[in-house]
Amino acid sequence: MSYAFTLNGRGVDVDVPGLTPLLEVLREHLGLTGAKPGCGEGRCGACTVLLDDQPVVSCLLPGSAVEGRSVRTVESLAGADGPLSPVQDALLDAGGVQCGACIPGMAMTLTAVLEQSRDLSEETVRQSLTGNICRCTGYQKIVDAALRAAGTDGGHR
Amino acid sequence: MTVVGTSVRRADGDAKVRGTAVYGMDYTEPCALVVRVLRSSVPAARITRLDTSRAEKIPGVRAVATAADTPGLSGMLVLKDQTVFARDEIRYVGEPIAAVAADTIEQADAAIAAIELEVDPLEPVYDLEASLADDARVIHPDWESYETFLDGPRGGNLAWEARVERGDVEAAFASAHLVVEDEYRTPRQHQCSIEPHAAVARYEQGRYIVHTPTQFPFLVRGRVAELLGVRPSDVRVVVPAIGGGFGGKLDAMLEPMACVLARKAGRPVRVVNSRAEEQATCGPRENAIVRLRTAVAKDGTILAQEGVILCDNGANSSGETVACANLAPLALGGTYRIPSARYVSKVVYTNTVPTAAFRGVNGNYCVFAQEMHLDHIARELGIDRRELRLRNVLKAGEQMVNGQQLDDAFLEQALAKADEIAPWEELTAARRPLRGVAVVPMTWITNPGPSGATVKLGEDGTVTVTCAAAEIGTGGVATGIRQIVADELGVPFEDVLVTPADTDAAGYDHGAQGSRTTFGTGSAALDAAAQVREQVLDVAGGMLEASPEDLELVDGHVGVVGVPGRRVSLAAVAATAMWSSGPISAAGKFVAPPVPFDAGCMVGAALTHFSAASYHAHLAEVEIDPDTGRVRVTRYVVVQDVGRAINPQMIEGQIQGGVAQGIGYALYENLRISDGVVVDSGLETYRLPTALDVPPIEIAILENPCSYGPLGAKGVAEPSIIPVAAVIGCAVADAIGTPLQSLPLTPFDVLAALRHRDQEISPRD
């Protein structure tokens, strides 16, 4: 089926079977490989994107479900040759990136958290990350990055 | 200004946070075919008929490969008992039988369904002890014909044995004040890298070119060549970004299949595992049984120890389990003074998916067993648990069980530092019900393997390192090697580039394993950079009319010491060299030097000693929920000797990540197999630690330099996982008053132990 949605601020039309997962639509049909196919069953969160500003696992979401809605992927966080977003910057400053395969999903979850929360504590950040598995870092430096980003951009948009 | 010792940002980080880094799972080539693999659904059988002719005729099918296309036998370094596809006999559920390359997944699936396979089932063997019984069916009837890299005891279902024997064990047991005996059982643990295994291969000019996110490109090259029956130089391995490995991406896995399909199809092929394939067919840490029997004096001094370690090889030796067999005795006898010892480490064939390396390899379960066992001894003797360890821990100049003298042993210092952070006396005095605490020291190895690296000075004054080290996320390549080279040549960190690992371009490298990248490849790069430095000083000396001894390399320039402004840029040096002495470059090399040990005390040992040994202390506090049996780690302290801290932030990251994986091993992870079938086929039931399960970790980094490590550095990445299950296991036993002899420490086991304890202490009337 063909459907239209907003992807990283621009309108796109696709013509793929409606049940094709959004992750596959992004990676195979729209050339955006930032979101990662970590498990394909909605558990690891490496494929997390924002659907109308809410984190969702794109591997389980039928593509047609985003019709008429707004999707943001990790590629939207910074201009292609522009400076990094506060979350991206903080992830590197805090040493929160190792292999990096979870990072596109982590960055989207944290972006949503920072956009929506006024009071970020270590506990609330950890709560928000339970859907994002990182096998490398033990999470501490990713949590540090979130708190750091909350400081740099205020976290109060 | 120096960059070594600072927490510089990783050089590959920008692409990783933008989502533009190209991982193995992202990489592809024009018109690449898709692949499906026919895998066995039975654990043990004789193949009576395999016919792929119908499959080959399906539209869109470009190649079908079977054992007929892959003649070789191979194995991970030591024992060659593995084929790419089952040949005559099937030995585990999930074993590849055939593979198909096609234009579309649907066509490939149809082809798999059209392959005709008939088998005669054989009696499967699953259990370690049953497999070694005299009447067990032999899983590899041709075991005697297999080639081995060294001699070692083996036979029947005993794939390999490594033994260490020193001192007069019988006499020590005869004179002992007390003999304590225990048995411990540990499960399989899956690496669960976020990125599944993937490979893209093409066949060009009579050579196989494979892009794969491997930790050890030269191993994959050698293994593909051996399995396909070609020369290693007929295979080129190129490494894209790697989405996690932890040991699981050392060995050839999908690459041989991809290569043979690419040759037969005449087109590139791309194969990426699903999570279910990942869980069911990629070798995890081996399950094991550890039996310990120890003779002690009244004051707790260890007089002798006997240990039998049974660990599961699975159906063949494609993973590192055999190669690491002797790490079990070294782990048991590397931290404490054990004057007499007899350790037997048996690697056992079963009809299960082959096991493989996972961070800490055979050490994790041995350290768990040893520490739980020491607590048992402490209870029997009424000695404080930390005190018992202090009495037995190896001091500088004392010998490990293999006779290796540890001149730089730093275990007492590590324990003292842990005590500064979390004083044992206070912790134990403040004891409360359902809370427990433990502290554990440990010695560990840095992998001694060889590396080549070349360094060249670019015409713009930048420096490029060419090596086959793979950046698996630790920062070894993205920071460590770069920091070392930057300081040697006085250039900014950003001006040191490292080429992606490519076996055609770089010298041999022993892979990202055993914490060796910054240590081993870093040493080779430092060797090359030191030679480049000589060449630079020589040319610059001529330009500045100064003696090389009076020159310094700072900020991308060569200057005369003490004469500000009298300097030339490295770009100018490179340009001058170009037409005088020729372009500036040098090749460096490294292999860890031999250390003396008692070779006569070991048989079947591929790893004989601890090179660049590092020293550790871990402390944990836990709290038990009496209603659910849940264990919460409330405090965790790591003291780690790193030799020299090249990048403190990256070191912290390795410690935090290793402890998190260790918490998974201690409390949650158990890759269950039932009737030969992997039960935990996804991350819903295979429980990985989340952000809520891992406490903040208090870290102290100690610098106790290694004389042959680059700038004194030792390996950092591997050891932080190893003592975690031990220290948590001991702390849980302290909390509930009952030791649990198997991992993981599930809520069910904890509750059962609490109930048992309550029954014991309640009146019997």
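Put simply, when B:239-251, B:182-194, B:578-590, B:596-608 are sorted by average Cβ atoms within 10 angstrom per residue, most first, you get B:239-251, B:182-194, B:596-608, B:578-590.
Mean per-residue shielding of peptide B:472-479 is 3, counting Cβ atoms of other chains within 10 Å of each Cβ. If R0 equals 35 Å, the separation of the Cβ atoms of A:LEU147 and A:ASP53 corresponds to a calculated FRET efficiency of about 0.95. For the residue pairs B:LYS346/B:LYS395; A:LYS141/B:LYS16; A:LYS141/B:LYS589; B:LYS395/B:LYS417; B:LYS80/B:LYS346; B:LYS57/B:LYS264, alpha carbon separations beyond 23 Å are given by B:LYS346/B:LYS395; A:LYS141/B:LYS589. In a fully extended conformation the segment linking B:LEU132 and B:ARG755 would gain 220.7 nm over its present Cα-Cα distance, using 0.36 nm per residue. For B:ARG62, the residues 5 or more places off, or on other chains, whose built amide H falls under 5 Å of its own are B:ALA101, B:ALA102, B:ASP103.
If the chain linking B:GLU380 and B:THR6 were pulled fully straight, counting 0.36 nm for each residue of separation and taking away their Cα-Cα distance, it would gain 129.9 nm.
Per-residue surface analysis assigns B:VAL61 an accessible area of about 20 Å², computed on protein heavy atoms at 1.4 Å probe radius. Using a 1.4 Å probe over protein heavy atoms, the accessible area lost on pairing A with B, summed over both chains, comes to approximately 3900 Å². Mean residue ellipticity at 222 nm, helices only, the protein assembly as shown: -7500 deg cm²/dmol; runs of at least 4 DSSP H residues each add -39,500 (n - 2.57), and the sum is divided by the number of residues. Give the aspartates and glutamates whose C-alpha is closer than 16 Å to that of B:LYS714, dropping any in the same chain fewer than 8 places away, or say none. Excluding near neighbours in sequence, the set is B:ASP407, B:ASP408, B:ASP641, B:GLU652, B:GLU703. Amide H to amide H distances under 5 Å link B:VAL554 with B:GLY559, where only residues 5 or more positions off or on other chains count and H is placed in the peptide plane. Restriction of the trypsin sites (Lys or Arg not before Pro) in region A:1-91 to DSSP coil positions whose beta-carbon has at most 14 other beta-carbons within 10 angstrom yields A:ARG69.
Farthest towards the positive end of the charge dipole of the protein assembly as shown, among the residues B:LEU537, B:ALA297, B:TYR686, is the Cα of B:TYR686, using unit charges on the Cβ of Lys, Arg, Asp and Glu. Taken one residue at a time, the phi angles of region B:686-703 give Karplus couplings (6.51, -1.76, 1.60, θ = phi - 60°) of 7, 8, 9, x, 9, 4, 8, 8, 10, x, x, 10, 7, 10, 10, 9, 9, 10 Hz. Gly and Pro are set to x. If a paramagnetic tag sat 7 Å from the Cα of B:ALA700 along the Cα-Cβ line, which residues of region B:637-675 would have the backbone N under 14 Å from that point? Hits in region B:637-675 for B:ALA700 at 14 Å: B:637-642. Anyone know which of A:GLY131, A:GLY105, A:GLY95 comes out most mobile in the 10 Å Cα GNM of chain A? Comparing A:GLY131, A:GLY105, A:GLY95 in the GNM, the peak value goes to A:GLY95.
For the peptide A:41-50, the mean number of other protein chain Cβ atoms found within 10 angstrom of a residue's Cβ is 3. The peptide list B:646-653, B:261-268, put in order of mean Cβ contacts within 10 Å with the highest first, becomes B:646-653, B:261-268. Tell me whether chain B comes out rounded, prolate or oblate; compute the Cα gyration tensor, take square roots of the eigenvalues as a ≥ b ≥ c, and use a/c under 1.5 as the rounded threshold. Oblate is the answer for chain B, as a/c is 1.5 or above yet b/c matches or exceeds a/b.
Residue by residue, region B:136-151 carries 3J(HN,Hα) couplings of 5, 5, 7, 6, 10, x, 9, 3, 5, 7, 6, 6, 10, 7, 8, 7 Hz when phi is fed to the Karplus relation 6.51 cos²θ - 1.76 cosθ + 1.60 (θ = phi - 60°); x denotes Gly or Pro. For region B:652-669, backbone phi angles converted through the Karplus equation (6.51, -1.76, 1.60; θ = phi - 60°) give residue-by-residue couplings of 4, x, 5, 5, 4, x, x, 5, 4, 5, x, 5, x, 5, 6, 10, 10, 7 Hz, Gly and Pro being listed as x. In terms of its C-alpha gyration tensor, region B:599-656 has an oblate overall shape, because the principal axis ratio a/c (a ≥ b ≥ c, square roots of the eigenvalues) is not below 1.5 and a/b does not outweigh b/c. Spin-label model, B:HIS177 to B:THR20: label points 7 Å out along the Cα-to-beta-carbon direction sit 6.8 nm apart. Here the mean projected area of the convex hull built on the C-alpha positions of the protein assembly as shown is 41.6 nm². Provide the FRET efficiency to the nearest 0.05 for the B:SER274-B:ALA505 pair, computing r from the beta carbons and using R0 = 30 Å. According to the calculation, E is roughly 0.40. For the segment B:679-691, counting C-beta atoms of other chains within 10 Å of every residue's C-beta and taking the mean gives 5. Going from the chain on its own to the full set of protein chains, region B:3-22 has these residues losing 30 Å² or more of accessible surface (heavy atoms, 1.4 Å probe, no ligands, DNA or RNA): B:ARG9, B:ARG10, B:LYS16, B:VAL17, B:ARG18, B:GLY19.
Residue ranges A:106-116, B:408-418, A:134-144 sort as A:134-144, A:106-116, B:408-418 when ordered by packing (mean number of other C-beta atoms within 10 Å per residue, highest first). Of the DSSP H helices in chain A, those that are both long (alpha-carbon extent of 15 Å or more along the helix axis) and hydrophobic (Kyte-Doolittle mean at least 0.5) are A:103-116.
The values are calculated or read from the model by the stated rules, or taken from the named source; none is laboratory data. In this text, all values refer to a predicted model and were calculated from it rather than measured experimentally. As a convention, Cβ positions derive from the backbone with ideal geometry for all residues, glycine included, and neighbour counts pool all protein chains shown. Heads up: the accessible areas ignore ligands, DNA and RNA and are worked out on the full protein's heavy atoms, side chains in. Shrake-Rupley method; radii C 1.70, N 1.55, O 1.52, S 1.80 Å.
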